[in-house]
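Peer 1: The following block contains the structure, expressed as structure tokens.
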Amino acid sequence: MLVDAHGRKIDYLRVSVTERCNFRCVYCMNEKPFVWVPHNNILSYEEMFLFIKQVIDGGVNKIRITGGEPLVRPDIDCFIKMIRDYKADVDIALTTNGYLLGDLAQQLSVAGLKRVNVSLDSLKRDVVYKMSKMDALERVLEGIDQAQRYFMRVKINTVPLRGVNDDEILDIFDYAKRRNIMVRFIEYMENNFADKYIKGLSSHEIQRIISAKYTFKEIEKNHTSPAQLFELQDGYIFGIIAPHRHDFCESCNRIRLTAEGFLIPCLYFDEALSIKEALRVGDMKKTDEILREVLKNKPKENRWREEGENEVSSRAFYQSGG
Ligand code: SAM
Ligand code: SF4
């Protein structure tokens, strides 16, 4: 079993398979990086898989494939199948901006993917363009339709920004509710790679907007999920991910592997250790040692909770995988 220095059981690995992306979201990769990491610095699927087998054997039972945009990396379905074939009952999920999902949903489901989260920040074509610099709305909605056809569980992630898409919170809510998809609103996490003029909404502000139309109550959250959960009178459940909350990190059960081979203990902090060289020579004793070191140094809390929007992380979401 993997446990960090604060006694938190670590059973969830997020794997960022690429830092590249076809979108330029204002809150994540507002501008194209000056240079992309060269391909030979990126772990191959086989290298990632060596580590994945090791952590599965150590008790990890949930793996989320993310990025950058995971669907821009070729053969992502083969990677998913490798994991599925190693251990059929590992919960494999994927987070995507949805642009390529309509084309790939069937392949991904054949490979064994069961759960997908799709990011949807607006139902207006021009706002989607403004937020992602891609004329993407139609394809993303088609991606969500196909996801509902092929996957057991689909969720929508939305990052509300003040004066940009906060007037659409109820519209997105209703869109998801009509389809019986859980929507999760994510508080914007301030970081150096975002547009510096954007501002997010707090969990309370989001709740206030939804309460103008619906009555709901907070329900017990799944212990390891970061989302606060709320239930409407008719049983529909939605979530809010509020990293600025004081108790957000208490049940953190995750570590992150980046495409370049860094193990990241916390989304907020810069600290990370590389397992790339060890993986490249197949030294799994070394990767285990590095993993233990990362778990030992996993911080108790992020720092967004302290100062809210005055705290800015220097970690790029498109590298860490969010
Ligand atoms: N490209 C995929 C996507 O957008 O869904 C996966 C990677 S993205 C980094 C993962 C999630 O992080 C997305 O739901 C995105 O909305 C969220 N995200 C990115 N930057 C964020 C930020 N600064 N604050 C809050 N959420 C963020
Ligand atoms: Fe790309 Fe996802 Fe970041 Fe948007 S949030 S720029 S889609 S990685």
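The values are calculated or read from the model by the stated rules, or taken from the named source; none is laboratory data. This one's a predicted model, so the numbers in the text were calculated from it and none came from an experiment. No Cβ is skipped: glycine too gets one built from the backbone with ideal geometry, and neighbour counts run over all protein chains shown. In case anyone asks, the SASA skips ligands and DNA or RNA and just uses the protein heavy atoms, side chains included. Shrake-Rupley method; radii C 1.70, N 1.55, O 1.52, S 1.80 Å.
Peer 1: Being within 23 Å of LEU43 (Cβ to Cβ) and part of a helix (DSSP H, G or I) narrows it down to one residue among VAL55, VAL140; which is it?
Peer 2: Step by step, each of VAL55, VAL140 is checked, and only VAL55 is within 23 Å of LEU43 (Cβ to Cβ) and part of a helix (DSSP H, G or I).
Peer 1: SER119: open to solvent by 10 Å² or more (accessible area, probe 1.4 Å) and farther than 25 Å from GLN207 by Cα, yes or no? Break it down stepwise before answering.
Peer 2: Details: open to solvent by 10 Å² or more (accessible area, probe 1.4 Å): yes; farther than 25 Å from GLN207 by Cα: no.
It is false that SER119 is open to solvent by 10 Å² or more (accessible area, probe 1.4 Å) and farther than 25 Å from GLN207 by Cα.
Peer 1: Out of everything in segment 105-124 that is among the aliphatic types (A, V, I, L, M), under 19 Å from the mean Cα position of the chain (by Cα) and away from ligand 1 (no atom under 13 Å from the Cβ), what residue ends up being nearest to VAL15 (Cα to Cα)? Explain how you work it out, then say what you get.
Peer 2: Taking segment 105-124 first, the residues among the aliphatic types (A, V, I, L, M) are 105, 108, 110-111, 113, 116, 118, 120, 123.
Pick out the ones that are also under 19 Å from the mean Cα position of the chain (by Cα) and you get 105, 108, 113, 116, 118, 120.
From what is left, the residues that are away from ligand 1 (no atom under 13 Å from the Cβ) are 105, 108, 113.
Working: ALA105: 19, LEU108: 16, LEU113: 14 Å.
Here the residue is LEU113.
Peer 1: OK, next. Just to verify a result, which residue in segment 203-226, among those that are in a loop (DSSP other than H, G, I, E, B) and either hydrophobic (A, V, I, L, M, F, W, C) or open to solvent by less than 40 Å² (accessible area, probe 1.4 Å) (or both), is modelled with the lowest pLDDT? Let's see the steps before the verdict.
Peer 2: Of the residues in segment 203-226, the ones in a loop (DSSP other than H, G, I, E, B) are 212-215, 220-226.
Filter again for either hydrophobic (A, V, I, L, M, F, W, C) or open to solvent by less than 40 Å² (accessible area, probe 1.4 Å) (or both), leaving 212, 225-226.
Values: ALA212: 98, SER225: 80, PRO226: 86.
Among them, the one singled out is SER225.
Peer 1: Any idea which residue in segment 85-129 is farthest from ligand 2 (Cβ to nearest atom), counting only those that are in a strand (DSSP E or B) and in contact with a Phe, Trp or Tyr (Cβ under 7 Å, 6 or more places away or on another chain)?
Peer 2: Only one residue tops the list, namely ARG115.
Peer 1: Something else: So LEU295 ticks every box in (1) in contact with a helix residue (DSSP H, G or I) (Cβ under 9 Å, 6 or more places away or on another chain); (2) away from ligand 2 (no atom under 16 Å from the Cβ); (3) open to solvent by less than 50 Å² (accessible area, probe 1.4 Å); (4) at pLDDT 90 or above but one. Which box is left unticked?
Peer 2: Among (1) in contact with a helix residue (DSSP H, G or I) (Cβ under 9 Å, 6 or more places away or on another chain); (2) away from ligand 2 (no atom under 16 Å from the Cβ); (3) open to solvent by less than 50 Å² (accessible area, probe 1.4 Å); (4) at pLDDT 90 or above, LEU295 violates only (1).
Peer 1: Go through (1) more than 9 Å from ligand 2 (Cβ to nearest atom); (2) touching an Asp or Glu at 6+ places or on another chain (Cβ under 7 Å) for CYS21 and report which single condition fails.
Peer 2: (1)
Peer 1: Could you tell me which residue of segment 234-261 is surrounded by the fewest Cβ atoms within 10 Å (Cβ to Cβ), considering only residues that are in a strand (DSSP E or B) and charged (D, E, K, R)? Write out each step before concluding.
Peer 2: Start the filter on segment 234-261 by keeping residues that are in a strand (DSSP E or B), which leaves 237-241, 254-257.
So of that shortlist, the ones also charged (D, E, K, R) come out as 254, 256.
On the way: ARG254: 20, ARG256: 24.
Here the answer is ARG254.
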